[in-house]
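Visitor: Mind looking over this structure? Questions follow.
The values are calculated or read from the model by the stated rules, or taken from the named source; none is laboratory data. What you see is a predicted model; the values in this text were computed from it and never measured. Cβ placement follows ideal geometry from the backbone for every residue including glycine, while neighbour counts extend to all protein chains displayed. Just the protein is used for accessible areas: all its heavy atoms, side chains included, with ligands, DNA and RNA removed. Shrake-Rupley method; radii C 1.70, N 1.55, O 1.52, S 1.80 Å.
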Amino acid sequence: MMGGGFFGGWHRGRQDRPTRITRAMLLRITRYFEPYWREGVLVITIVAVVAGIGLVPALLIRAVVDVAIPQADPLLLAYLALGMVAAPAAGGLLGVAQTYLNAQISQRVMFDLRNQLYVHLQSLSLRFFTGVKTGEVMSRLNNDVSGISRVVNETITQSLMQPLLLISTVILMLGMEWRLALLSLVVVPVALGSARRVGERRFELQHEAQRKQADLSAIMQETLNISGFLLMKAFAREAYEQVRFVGKNRELMDVQVRSNMLGRWLRMLLQVMEALGPALIYLVGGHLVLSGQMTLGTLIAFIALLNRLYGPMSQLANIHVEAMGSLALFERIFEYLDTQPDVADAIDARPIPAPVRGHIVFHEVDFEYVPGRRVLDGVSFEVEPGQLVALVGPSGAGKTTVTYLIPRFYDVTGGRVEIDGKDVRKVTLRSLREHVGVVTQETYLFNATVRENLRYARPGATDEEIERACVAARLDDVIAQMPDGFDTPVGERGYRLSGGEKQRLAIARVLLKDPRMLVLDEATSSLDSQTEAQIQSALGPLITGRTTIAIAHRLSTVLAADTLVVFDRGHVVEVGNHAQLIDRGGLYAQLYNIQFKPQLTGARPSLASPTADGLTERSSDPASRDQGLAASTV
Ligand code: ATP
């Protein structure tokens, strides 16, 4: 019903971009409905029966006027009157069944599509999510998928029902009195043409309204979440945000008003048409009755049938606009479904061979986020199993990017990253990520209990294991003080935990996962001496026995590192341990003086504490990292 030339060619699905309707796309949509074809057949049957039943009242009216009244037959009159109630009642009952079936079909198609879309979005890489607005992804997953229900209930059902209503009505009219039937159709082209034009314009306005609505949602999303809200308050930008919001809100209102008014004009036009039709029928039909060529009952039945003629006409005039909207909906969903994950398992991918040693090598690695803008250039370095390598360098040098390439959050654009002699692109993502743990600067916590957040790392972990991890991460005291211990919910984005506590929770999470390799992006935030000490002491068990690549922000970490790899503008500029690099007097020596030494000399007053003392001792002895970290646990 949706095929053929009707949808052929270019149409304006979205105002900003035309939608190309192809046979392949229609087939693809049909495939989602295929599993529910039985329900579909039932719906079509019901629609056909309802269309037939709808004709009955007109026939009954004719019988009342032409038979029951002239023959003065009260019993027949009663039966006919009963029929006039029974027919719509039967139609209504069938309508209920049809709504039920429609809901079944649409909800199941939505269920399937939403699942498919969610699973697919999960398979996409970080690159996809840094490139789109979160709100937009949510909108497609929610609104566009929900729109499918309208597609089923309105577009598909209506494009089945209205032609059936129309055809059955025209056939009956032609059968009753062909001249009057033709006359009824005279006003049709005028009504159709105007309804269609107005419908298209209205569709455009609705799209504009949707875009404005999306802009408005974006502002709300940006300013009414915790971080955005804090930013707004901190910079006292409420007034600016209000102006922005009110402006967009006004644009939305204007479009809505225009859209509503347009609909009003269409209704007025149709009202005139609806008045014109019966007037013509009475005029000409009246003459036919007077001249004895037609019965009065037929005339009245005709008038009754007129509504069934003009209603479907105006609906059909806009059905293609509706259909375009529906297709645009599918198009937006398909656009996401067709986005290929740029990081995926190779066809011949194998798990990392056991036992995993954790030997990481970067071979001449190049990387670009944006084509043509190299962020890493010929980066080579090696991390022996169990070693701690600290990445240091000025901001924007590419340290975080290096860490992204190990668990394949992104793929290299040149060279290769190897783990135990295997290119990471040749091993399965699952096994790779199983063996690489990541502690990021910002700790994300789900809105769930402490236990649930911890168990996310290893769903099978026992309570004892969870407790052990928390002891090692120096989190046990914090949890003991919580109102419900491990069952205390941590609020929206873990907001009720302090920064230091969140970091330790992140450490406990990775301890539970127990990966062979660890990527650690140390938090830059200044912490008080006690928290600092706690975190350092939590890092000890985290790092011990694991190959670790750390973006170092703490003195203790650079001192403990087996090797420091110094980055500058995407290049490795120095490699060596702390003492060697200090002797060299290069970039690291400078960085050390600016970034790390102040921690030592007590430039931060809070560090004039046992922790700092412990580190002072170690600074003259940049020994093995275990010792270094142990020292910092004081
Ligand atoms: P910092 O210590 O400040 O975190 P960094 O050394 O970790 O810095 P990276 O985050 O790796 O530096 O960034 C390296 C370069 O890549 C920077 O110039 C940054 O602007 C750019 N960059 C980072 N992420 C993206 C992205 N998603 N798209 C485009 N460019 C990016």
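Visitor: For the range 69-180, please list each of the helices (runs of 4 or more DSSP H) lying entirely inside it that holds at least 2 residues being modelled with pLDDT of 90 or more.
Guide: Working: elements: 74-123, 126-131, 134-139, 145-150, 157-176.
Of the helices (runs of 4 or more DSSP H) lying wholly inside the range 69-180, those with at least 2 residues that are modelled with pLDDT of 90 or more span 74-123, 157-176.
Visitor: From the residues in the range 458-479 that are in a loop (DSSP other than H, G, I, E, B) and open to solvent by 30 Å² or more (accessible area, probe 1.4 Å), which one is nearest to Q534 (Cα to Cα)?
Guide: So in the range 458-479, the residues in a loop (DSSP other than H, G, I, E, B) come out as 458-462, 473-475.
Filter once more, so that each one left must be open to solvent by 30 Å² or more (accessible area, probe 1.4 Å): 458-460, 462, 474.
Details: R458: 24, P459: 26, G460: 27, T462: 24, R474: 6 Å.
Per the stated criteria, the residue is R474.
Visitor: Could I ask something else about it? Starting from residues that are open to solvent by 10 Å² or more (accessible area, probe 1.4 Å) and closer than 25 Å to A523 by Cα, keep the ones in the range 412-438 and report whichever is farthest from the ligand (Cβ to nearest atom).
Guide: Among residues in the range 412-438 that are open to solvent by 10 Å² or more (accessible area, probe 1.4 Å) and closer than 25 Å to A523 by Cα, the one farthest from the ligand (Cβ to nearest atom) is E434.
Visitor: Next question. Output yes when any residue across the range 258-268 is free of Cβ contacts under 8 Å to residues at least 24 places away in the same chain and open to solvent by less than 80 Å² (accessible area, probe 1.4 Å), and no when none is.
Guide: Taking the range 258-268 as the starting set, the residues that turn out to be free of Cβ contacts under 8 Å to residues at least 24 places away in the same chain are 260-261, 264, 267-268.
Still in the list and also open to solvent by less than 80 Å² (accessible area, probe 1.4 Å): none.
Within the range 258-268 (the criterion being free of Cβ contacts under 8 Å to residues at least 24 places away in the same chain and open to solvent by less than 80 Å² (accessible area, probe 1.4 Å)), the answer is no, since none of the residues qualifies.
Residue-wise test of (1) more than 16 Å from the ligand (Cβ to nearest atom); (2) open to solvent by 20 Å² or more (accessible area, probe 1.4 Å); (3) assigned by TED's automatic domain parsing to the domain that holds L376.
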site: T544; (1), (2), (3): yes, yes, yes
site: T548; (1), (2), (3): yes, no, yes
site: T557; (1), (2), (3): no, no, yes
site: A560; (1), (2), (3): yes, no, yes
site: R569; (1), (2), (3): no, yes, yes
site: N577; (1), (2), (3): yes, yes, yes
site: L581; (1), (2), (3): yes, no, yes
site: Y592; (1), (2), (3): no, yes, yes
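Visitor: Let me ask something else about it. Can you list residue pairs whose Cβ atoms sit under 7 Å apart, with the first residue in the range 37-63 being in contact (Cβ under 8 Å) with a residue 60 or more places away in the chain and farther than 30 Å from S106 by Cα and the second being open to solvent by less than 20 Å² (accessible area, probe 1.4 Å) and hydroxyl-bearing (S, T, Y)? Count only pairs 6 or more apart in sequence or on different chains.
Guide: Correct list of pairs: R62/T298.
Visitor: Hey, can you tell me all the residues within the range 321-332 that are more than 17 Å from G131 (Cα to Cα) and out of contact with any strand residue (DSSP E or B) (no Cβ under 8 Å at 6 or more places or on another chain)?
Guide: Filtering the range 321-332 down to residues more than 17 Å from G131 (Cα to Cα) leaves 321-331.
Within the range 321-332, V321, E322, A323, S326, L329, F330 qualify.
Visitor: Here are some residues: L511, L497. Which one is under 26 Å from A560 (Cα atoms) and modelled with pLDDT of 80 or more?
Guide: L511
Visitor: From the list V402, V361, V365, V375, which one is surrounded by fewer than 22 Cβ atoms within 10 Å (Cβ to Cβ), more than 25 Å from the chain's Cα centre (by Cα), at pLDDT 90 or above and within 13 Å of the ligand (Cβ to nearest atom)? Spell out the reasoning first.
Guide: Details: V402 fails: surrounded by fewer than 22 Cβ atoms within 10 Å (Cβ to Cβ); V361 fails: within 13 Å of the ligand (Cβ to nearest atom); V365 fails: surrounded by fewer than 22 Cβ atoms within 10 Å (Cβ to Cβ).
None of the other options fit; the residue is V375.
Visitor: Report yes if E501 is in contact (Cβ under 8 Å) with a residue 12 or more places away in the chain, open to solvent by 30 Å² or more (accessible area, probe 1.4 Å), in a helix (DSSP H, G or I) and away from the ligand (no atom under 16 Å from the Cβ), otherwise no. Lay out the reasoning, then the answer.
Guide: Values: in contact (Cβ under 8 Å) with a residue 12 or more places away in the chain: yes; open to solvent by 30 Å² or more (accessible area, probe 1.4 Å): yes; in a helix (DSSP H, G or I): yes; away from the ligand (no atom under 16 Å from the Cβ): yes.
Yes; evaluated as a whole, the condition is true for this residue.
Visitor: Then there's this: Do the conditions hold for L296, that is, is it within 29 Å of M176 (Cα to Cα), of a type outside the set (F, W, Y) and either without any contact (Cβ under 8 Å) to a residue 24 or more places away in the chain or open to solvent by 10 Å² or more (accessible area, probe 1.4 Å) (or both)? Step through it out loud before you land on a result.
Guide: Details: within 29 Å of M176 (Cα to Cα): yes; of a type outside the set (F, W, Y): yes; either without any contact (Cβ under 8 Å) to a residue 24 or more places away in the chain or open to solvent by 10 Å² or more (accessible area, probe 1.4 Å) (or both): yes.
Considered against the rule, which asks whether it is within 29 Å of M176 (Cα to Cα), of a type outside the set (F, W, Y) and either without any contact (Cβ under 8 Å) to a residue 24 or more places away in the chain or open to solvent by 10 Å² or more (accessible area, probe 1.4 Å) (or both), L296 comes out as yes.
Visitor: Assess whether I61 counts as being in a helix (DSSP H, G or I) and open to solvent by 20 Å² or more (accessible area, probe 1.4 Å).
Guide: Numbers: in a helix (DSSP H, G or I): yes; open to solvent by 20 Å² or more (accessible area, probe 1.4 Å): yes.
When the stated conditions are applied, I61 passes them.
Visitor: Right, another one. Would you mind finding the one in E452, E434 that is under 17 Å from P515 (Cα atoms) and assigned to a helix (DSSP H, G or I)?
Guide: Details: E452 fails: under 17 Å from P515 (Cα atoms).
When all the criteria are applied, what remains is E434.
Visitor: Within the range 131-160, restricting attention to residues that are without any contact (Cβ under 8 Å) to a residue 12 or more places away in the chain and within 16 Å of the ligand (Cβ to nearest atom), which residue is farthest from the chain's Cα centre (by Cα)? Give the derivation first.
Guide: Kept after step one, since they are without any contact (Cβ under 8 Å) to a residue 12 or more places away in the chain, are these residues of the range 131-160: 131-132, 138, 142-143.
If we keep only those that are within 16 Å of the ligand (Cβ to nearest atom) too, we end up with 131-132.
Details: G131: 13, V132: 10 Å.
Among those that are without any contact (Cβ under 8 Å) to a residue 12 or more places away in the chain and within 16 Å of the ligand (Cβ to nearest atom), it is G131.
Visitor: If you go through the range 378-399, how many residues are more than 16 Å from the ligand (Cβ to nearest atom), part of a strand (DSSP E or B) and either within 22 Å of A523 (Cα to Cα) or of a type outside the set (D, E, K, R) (or both)? Before you say what the answer is, go through the steps one by one.
Guide: Going through the range 378-399, the residues more than 16 Å from the ligand (Cβ to nearest atom) turn out to be 380, 382-388.
Those left that are additionally part of a strand (DSSP E or B): 380, 382-383, 388.
Now narrow it down to the ones that are either within 22 Å of A523 (Cα to Cα) or of a type outside the set (D, E, K, R) (or both): 380, 383, 388.
Residues in the range 378-399 being more than 16 Å from the ligand (Cβ to nearest atom), part of a strand (DSSP E or B) and either within 22 Å of A523 (Cα to Cα) or of a type outside the set (D, E, K, R) (or both): 3 in total.
Visitor: Same structure again: So which residues in the range 439-454 are open to solvent by 70 Å² or more (accessible area, probe 1.4 Å) and of a type in the set (D, E, K, R)?
Guide: E442, E452
Visitor: Can you tell me which of L309, L305 is at pLDDT 85 or above, open to solvent by less than 20 Å² (accessible area, probe 1.4 Å) and in a helix (DSSP H, G or I)? Write out each step before concluding.
Guide: Numbers: L309 fails: at pLDDT 85 or above.
After applying the criteria, what remains is L305.
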